[in-house]
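The values are calculated or read from the model by the stated rules, or taken from the named source; none is laboratory data. Predicted, not measured: the structure shown is a model, and the values here were computed from it. No Cβ is skipped: glycine too gets one built from the backbone with ideal geometry, and neighbour counts run over all protein chains shown.
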Amino acid sequence: MDDLRRIRELYGEPAPDQAARNRVRARLEAERGPAPVSSRRPRWTPLLAGLAVMAVAAVAFVVPRLHADPTGTDKASVLLAAAGAAAAVPPAKGAYWYVKRVVNGSDVKELWAGRDGRAWTREHKGTTTVTTKTDEPFTLNGHPMTIAQIEALPADPGALRAHVTDMLGGVPERDRGGVVADALTGLLWSKPAPSGVRAAAYRALADLPDVRYLGRSTFGYTVRGVERELVIDARTSQVVKASTAGRTEVVLVAGWTDEKPAIS
């Protein structure tokens, strides 16, 4: 029931599918057995009718997607669903932007970035832990960005894409699409972008021809000849995993916190 409700919330009520309705009706009639001679018309109870309607709705939604090509239609539907989820996230509060991820299945990396400009990274490798203070934890297309500058980015997808494109400088034309895609994906998890900016980034990515849908909520794009992939959870708008050139990062946490940095 919850899955059907989530489907309706994200995609609306599916269009009636008469063929699916007929298949469900035939199966229900077969399970009930032959009708009495005096009345061959099936008698549907309210509960049975309700179950049939839900079954038809599920078939009408699921069947086309089982055979869908991983192209623009699926790409747009997943990214726009994630955009809707991102836009619904209430404004976040906290003293530090905190990201925790696991790199290549073993190394744990953490980042704390304060609104006052101070930031620390901590890396756990086996039995070794290294903590480093940094003054520039965030960049966008190679340009240092403060938290205030990131929060002030446009919440309109067209304006956000134009803003990112304007920062490209002398990037060759053949690489521009992939560099823009990489900058936009960085706003989804590694930087403290507010919900409106994250939603705009998802919508801008949906319109980028350089972004390819690979199936199973995985998207790919090429940055200066290097293949990169991103896995998202469209229901929550959260990035689950990012991969590039033999390096895989599983995102455990990305959000604001009031907990002080655990540094020594």
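Data overview
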read-out: Failed criterion for Thr222 (all others in (1) in contact with a helix residue (DSSP H, G or I) (Cβ under 8 Å, 6 or more places away or on another chain); (2) under 23 Å from Val102 (Cβ atoms); (3) of a type in the set (S, T, N, Q) hold); value: (2)
read-out: Hits in region 149-173 - residues which are of a type in the set (Gly, Ala, Ser), at pLDDT 95 or above and either over 23 Å from the mean Cα position of the chain (by Cα) or not in a helix (DSSP H, G or I) (or both); value: Ala152, Ala155
read-out: Cβ pairs under 6 Å, 6+ apart, first in region 96-114 and within 20 Å of Glu136 (Cα to Cα) and not assigned by TED's automatic domain parsing to the domain that holds Phe138, second acidic (Asp, Glu) and buried (at least 21 other Cβ atoms within 10 Å of the Cβ); value: none
read-out: Some residue of region 255-263 being modelled with pLDDT of 95 or more and buried (at least 18 other Cβ atoms within 10 Å of the Cβ); value: no
read-out: Selected residue (criterion: surrounded by the most Cβ atoms within 10 Å (Cβ to Cβ)) from residues of region 75-103 that are out of contact with any Lys or Arg (no Cβ under 6 Å at 6 or more places or on another chain) and among the charged types (D, E, K, R); value: Lys75
read-out: Candidate set from region 192-231 (those that are among the basic types (Lys, Arg) and within 13 Å of the chain's Cα centre (by Cα)); member that is farthest from Ala148 (Cα to Cα); value: Arg216
read-out: Subset of region 143-157 [crowded, with 17+ Cβ neighbours inside 10 Å and either outside the structural domain of Arg118 (by TED's automatic domain parsing) or over 10 Å from Gly196 (Cβ atoms) (or both)]; value: Met145, Ile147, Ile150, Pro157
